[in-house]
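Peer 1: Mind looking over this structure? Questions follow.
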Amino acid sequence: MDRASYAACRGRRNAASERFGLWISFYPFDQEAYLKIVAHWLQSFGCARDEIVRAERDALNWALERGSRSGRVAWQFARDWAGRQLAVPDRQRRPRSAPSTSPTTARKRSRNVA
């Protein structure tokens, strides 16, 4: 879809919402709901209950850093946190602030820099 078509579709959609007064809003979750969603995703990634409890503070900090408590942010945190835990052989929690010198991390960092 080219820019003109996209703009036309967007204009029609906005006109319909203004005409009929329909708006769909997605409100942020409260802290309890956000933590339940994080726990669900961590459990789906194979984390044990004690690991999920241990991850709560990190999950709240993650949401604070991103300025949002949404399902998408919860999923992103859970994926990142579970991946970090599985990367450590004895499944000990690695501090998020600890610098990593692995080639994989270096590649990820270099892709994020634009």
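Peer 1: Mind listing whichever residues of segment 60-95 are among the charged types (D, E, K, R), more than 15 Å from LEU42 (Cβ to Cβ) and at pLDDT below 90?
Peer 2: ASP90, ARG94
Peer 1: PHE45 is checked against (1) of a type outside the set (Lys, Arg); (2) within 13 Å of the chain's Cα centre (by Cα); (3) within 14 Å of ARG79 (Cβ to Cβ) and fails just one. What number does that condition carry?
Peer 2: Checking PHE45 against (1) of a type outside the set (Lys, Arg); (2) within 13 Å of the chain's Cα centre (by Cα); (3) within 14 Å of ARG79 (Cβ to Cβ), the one that fails is (2).
Peer 1: Here's another thing I want to ask about it. Which residue is nearest to LYS36 (Cα to Cα), if the candidates are limited to segment 61-73 and must be part of a helix (DSSP H, G or I) and either touching a residue at least 40 places away in the same chain (Cβ under 8 Å) or out of contact with any helix residue (DSSP H, G or I) (no Cβ under 7 Å at 6 or more places or on another chain) (or both)?
Peer 2: GLY71
Peer 1: Please work out if ARG19 is assigned to a helix (DSSP H, G or I), modelled with pLDDT of 75 or more, more than 29 Å from GLY67 (Cβ to Cβ) and out of contact with any strand residue (DSSP E or B) (no Cβ under 7 Å at 6 or more places or on another chain). Quick ask: steps written out before the conclusion?
Peer 2: Details: assigned to a helix (DSSP H, G or I): yes; modelled with pLDDT of 75 or more: yes; more than 29 Å from GLY67 (Cβ to Cβ): yes; out of contact with any strand residue (DSSP E or B) (no Cβ under 7 Å at 6 or more places or on another chain): yes.
In short, yes.
Peer 1: Further question: Mind checking whether some residue in segment 26-42 is small (Gly, Ala, Ser) and modelled with pLDDT of 65 or more? Show your work before the answer.
Peer 2: Quick first cut of segment 26-42, residues small (Gly, Ala, Ser) only: 33, 39.
In the following step, the residues that additionally are modelled with pLDDT of 65 or more were identified as 33, 39.
So far as segment 26-42 goes, yes, one or more of its residues are small (Gly, Ala, Ser) and modelled with pLDDT of 65 or more.
The values are calculated or read from the model by the stated rules, or taken from the named source; none is laboratory data. Given the structure is predicted, the values throughout are model-derived calculations rather than measurements. Cβ coordinates were reconstructed from backbone atoms using ideal geometry, including for glycine residues, and neighbour counts include every protein chain displayed.
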